[in-house]
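Every number here is computed from the coordinates shown, using simple stated rules; none is lab data. Model, not experiment: these values are computed from the prediction. Ideal geometry is used to build each Cβ from the backbone, glycine not excepted, and the neighbour counts take in all protein chains shown.
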Amino acid sequence: MDYILAFQDYLLYEKRYSRKTVDSYGSDIELLQRHCVGNGKELATLATDDLKAYLGDIFGDVTASSLHRKISAIRHFYSFLHKREHIAENPAATLASPRKEKYLPTCLTHEEMQKILDYPHAHTEKGLRDKAIMELLYSSGLRVSELVSLRIRDVDLAQGMLRVLGKGKKERLIPVTADALAAIRDYLFLRAARKEPLSPLFLNLKGAQLTTRAVEYMLEELATGAGVFRRITPHMLRHSFASHLLENGMNIRYLQSMLGHSNLSTTEIYTHLSIQELKKVYQKAHPGNHGTA
């Protein structure tokens, strides 16, 4: 049995991880497998000490973030094998991850966001599609993988709600702004192909489901056209959505629900962003700060 392929299928179709994560985890386990072969062992027979020895061998050759991901991949892999009863005990159950340095996510300023939203898209299928994508990403905080997985039936145009199937097959309902709804209506009205309820909401110009890379490329072009000269990613829009809502008084529990975070601690990083913005406004506005370095 090809354990790695089965593991990747499990992550992709059952856990609904992004293709990028699935490929990264698969590569990490393939490296572990090559290490096993070199030592005359197999993945399904490794003990906890074997895994620790492997991690010790690669410790000085990888970055902290890479090591953290490799440990995560190993833990997920052996949890999968144990869950499927391919192994009697999970050798990775007690593996500890190194402390991962936290970075605040990058957000767009309100001015940059407005430039992008005001960009004059062409009244074509592609132009209206790109406008709808832009409005929906910023109004809902969707992950790009969630965006491209949407079906027409997932959008309730009458109620202004969006049904999203996120990580771990967890479904959530998200309100959508009037501007985003109008953009989706305009796009679907002009679109010629595939308007059945189960059809993908966003298609490429060949009538196939849009890919995450296509969305990333579209945003890069859009940012340049709008005069925002830095790399814009779908995840940056998700961060901007969250940060801007908190700045405007959104309850963090509501935001957690909208973002689909399992743990509140994941959402709380945006409070740090809001505090930073508050400091900037304070330093700029307070009389005592005028003229200081």
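With the convex hull drawn around the C-alpha atoms of segment 78-178, the volume per residue stands at 166 Å³. From the Cα gyration tensor of segment 121-196, with a ≥ b ≥ c the square roots of its eigenvalues, which class applies: rounded if a/c is under 1.5, or else prolate if a/b is larger than b/c, or else oblate? It is prolate, given that a/c is not under 1.5 and a/b is the larger ratio. A full extension of the chain between Asp61 and Leu198 corresponds to an added length of 44.6 nm, given 0.36 nm per residue minus the alpha carbon distance.
Values [x] 20.0; [y] 17.8; [z] 14.4 are given for comparison; mean projected area of the Cα convex hull in nm², derived from the coordinates here, is the one labelled [x]. In this structure, the amide hydrogen of His121, modeled 1.01 Å from its nitrogen in the peptide plane, lies closer than 5 angstrom to no residue at least 5 positions away or on a different chain. Taking the C-alpha atoms only, the angle from helix 234-247 to the longest principal axis of the chain is near 60 degrees.
Can you tell me the FRET efficiency between Glu30 and His235 if r is taken as the Cβ-Cβ distance and R0 is 30 Å, rounded to the nearest 0.05? Before the final figure, lay out each step's value.
Working: r = 26 Å, r/R0 = 0.87.
In this case the efficiency is close to 0.70.
Each residue of segment 173-180 is assigned a 3J(HN,Hα), and the resulting list reads 10, 10, x, 10, 5, 4, 5, 5 Hz, derived from the Karplus form 6.51 cos²θ - 1.76 cosθ + 1.60 (θ = phi - 60°), x at Gly and Pro.
Going by neighbour counts of Cβ atoms within 10 Å, the residues Met250, Met113 line up, fewest first, as Met250, Met113. Computed from backbone phi with θ = phi - 60° and the Karplus coefficients 6.51, -1.76 and 1.60, the 3J(HN,Hα) list for segment 10-23 is 4, 5, 6, 9, 9, 7, 6, 6, 5, 4, 4, 5, 4, 5 Hz; x is used for glycine and proline.
Karplus-based coupling profile of segment 26-33, in residue order and whole Hz: x, 5, 5, 6, 5, 5, 4, 5, with θ = phi - 60° in 6.51 cos²θ - 1.76 cosθ + 1.60 and x standing for Gly or Pro. Residues whose amide H falls under 5 Å from that of Leu150, counting only those 5 or more places apart or on a different chain, are Leu201, with hydrogens built in the peptide plane. Among Thr224, Thr21, the ranking by other beta carbons within 10 Å of each residue's beta carbon, starting with the fewest, stands as Thr224, Thr21.
Compared with the dominant principal axis of the Cα atoms in the chain, helix 64-83 is inclined by about 70°. Legend: ranking of residues Asp118, Asp154 from fewest to most surrounding C-beta atoms inside 10 Å; resulting order Asp118, Asp154.
Compute the Cα gyration tensor for segment 110-283, then decide on rounded, prolate or oblate, letting a ≥ b ≥ c be the square roots of its eigenvalues: rounded whenever a/c is under 1.5, prolate when a/b is larger than b/c in the other cases, and oblate in all that remain. Oblate, since a/c reaches 1.5 and b/c is not below a/b.
Compute for segment 29-128: radius of gyration divided by Kirkwood radius, i.e. Rg/Rh, restricted to C-alpha atoms, rounded to two decimals.
Working: Rg = 21.8 Å, Rh = 17.0 Å.
My calculation puts Rg/Rh at 1.29.
Using Cα pairs closer than 8 Å and at least 6 residues apart in sequence, work out the relative contact order for segment 110-283, in percent.
Values: 203 pairs, mean separation 44.9, N = 174.
Dividing the mean separation by the residue count of segment 110-283 yields 26 percent.
Axis of helix 125-140 versus longest Cα principal axis of the chain: the two differ by about 70°, to the nearest ten degrees.
Which value, in debye to the nearest 20, describes the size of the charge dipole of the chain about its Cα centre when Lys and Arg Cβ atoms bear +1, Asp and Glu Cβ atoms bear -1, and nothing else is charged?
360 debye
Considering helices alone, the calculated mean residue ellipticity of the chain at 222 nm is -17000 deg cm²/dmol, with DSSP H runs of length four and up weighted by -39500 (n - 2.57) and normalised per residue.
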